[in-house]
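Values in this text are rule-based calculations from the coordinates and carry no lab data. Note that this is a predicted model, so its numbers are computed, not measured. Cβ sites come from the backbone with ideal geometry, for glycine too, and all protein chains shown count toward neighbours.
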Amino acid sequence: MPEPLRGGPGSGSAAATEDPRRLLCRIGALLYQRGFVIATDGNLSVRLDGARILASPTGLSKGMLEPDDLVVVDLEGRVLEGRHAPSSELPMHLLIYRSRPDVGGVCHAHPPVATGFAAAGVPLDKALLAETVLELQQVPLARYATPGTRELAETLAPLITRHNAILMANHGVVTCGPDLQTAYFRMEQVEHLARVTLVTELLGRQALLRPADIQRLLALRQGETTEAATENESPAGIRQRVEALLRQALRLLQQDR
Ligand SMILES: [Zn+2]
């Protein structure tokens, strides 16, 4: 049984108490070391409170950020603190924070295999791996829009309310979560799913999970979630999570028909 991804506030992990600036720099270094971004690609952000977002700057390598390189903006993108301009993809991050009150961190990168699927116009929507079915459900593909434009943020709008990971056509991947570390783990999971999907395609066959297997996993996770939720989540958060699980089960059943 896969363990839920939890690495942020309330989880009791080191990331829960880590300074958000240090956390963002540490995750940037991981993205760069894993080859999920090259040069100055990618961008990261953390919700500091109800009105402020900490974001990576434009034009600097995410592998070599220092805490004072980071920028604080409001939810309209106005710079409140920082000596650099914020990421050109800031509108995408802000759209996610505005439409998802549950999101505390956003990660955008170009991991090469998942980006290959995005460039081929192929979503990662098959029930191949128990862990990713549970954590990500399906990873849909948002249509192409020019990077750094508001249009790009708008292509994500219909998908972001229902998904924590999205392929961006001819571009890359965006993930989100209750904290930045969880968003980063989801980026790793998308790339892992893309690699495994590619191998199954090279082998010429895919043995998808059966609906009964998925229902059993969902039932087990739902039990865990309810237990964890009663400790850490609001009633609205619990309801949102259960509704997402039901939607996921329906989609997977329909997909199998
Ligand atoms: Zn990008």
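If you stretched the chain out fully between Glu201 and Gln222, how much longer would it get, using 0.36 nm times the residue separation minus the C-alpha to C-alpha distance?
Numbers: separation 21, 0.36 × 21 = 7.56 nm, distance 3.13 nm.
Taking Glu201 through Gln222 to full extension adds about 4.4 nm, to one decimal.
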Point to revise | In nm, spacing of pseudo-spin labels at Leu80 and Asp41 (7 Å Cα→C-beta vector) | key: 3.2 nm
Practice item. Could you rank the peptides 146-153, 49-56, 168-175 by their average count of other C-beta atoms within 10 Å per residue, with the highest value first? Key: 168-175, 49-56, 146-153
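Once you have the alpha carbon radius of gyration of the range 14-203, what is it after dividing by 2.2 N^0.38 Å, with N set to its residue count? Provide the component values of the computation, followed by the final result.
Working: Rg = 15.4 Å, N = 190, 2.2 N^0.38 = 16.2 Å.
In units of the globular-protein estimate, the range 14-203 measures up at 0.95.
Mind sorting Arg205, Arg100, Arg210 by how few other Cβ atoms lie within 10 Å of their own Cβ, fewest first? Before the final figure, lay out the partial values.
Values: Arg205 6, Arg100 18, Arg210 12.
Starting with the residue having the fewest Cβ neighbours, the order is Arg205, Arg210, Arg100.
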Practice item. Enumerate the calculated ³J(HN,Hα) couplings along the range 35-47 in order (Karplus 6.51 cos²θ - 1.76 cosθ + 1.60, θ = phi - 60°), each rounded to whole Hz, writing x wherever the residue is Gly or Pro. Key: x, 7, 9, 10, 6, 9, 5, x, 7, 9, 8, 9, 7
Point to revise | Distance (nanometres) between label positions extended 7 Å along Cα→Cβ at Arg98 and Asp213 | key: 4.2 nm
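Between Ala157 and Thr17, take the C-beta separation as r, use R0 = 45 Å, and let me know the FRET efficiency to the nearest 0.05. If you can, show how the numbers build up before the last one.
Values: r = 33 Å, r/R0 = 0.74.
The pair Ala157/Thr17 has a calculated efficiency of 0.85.
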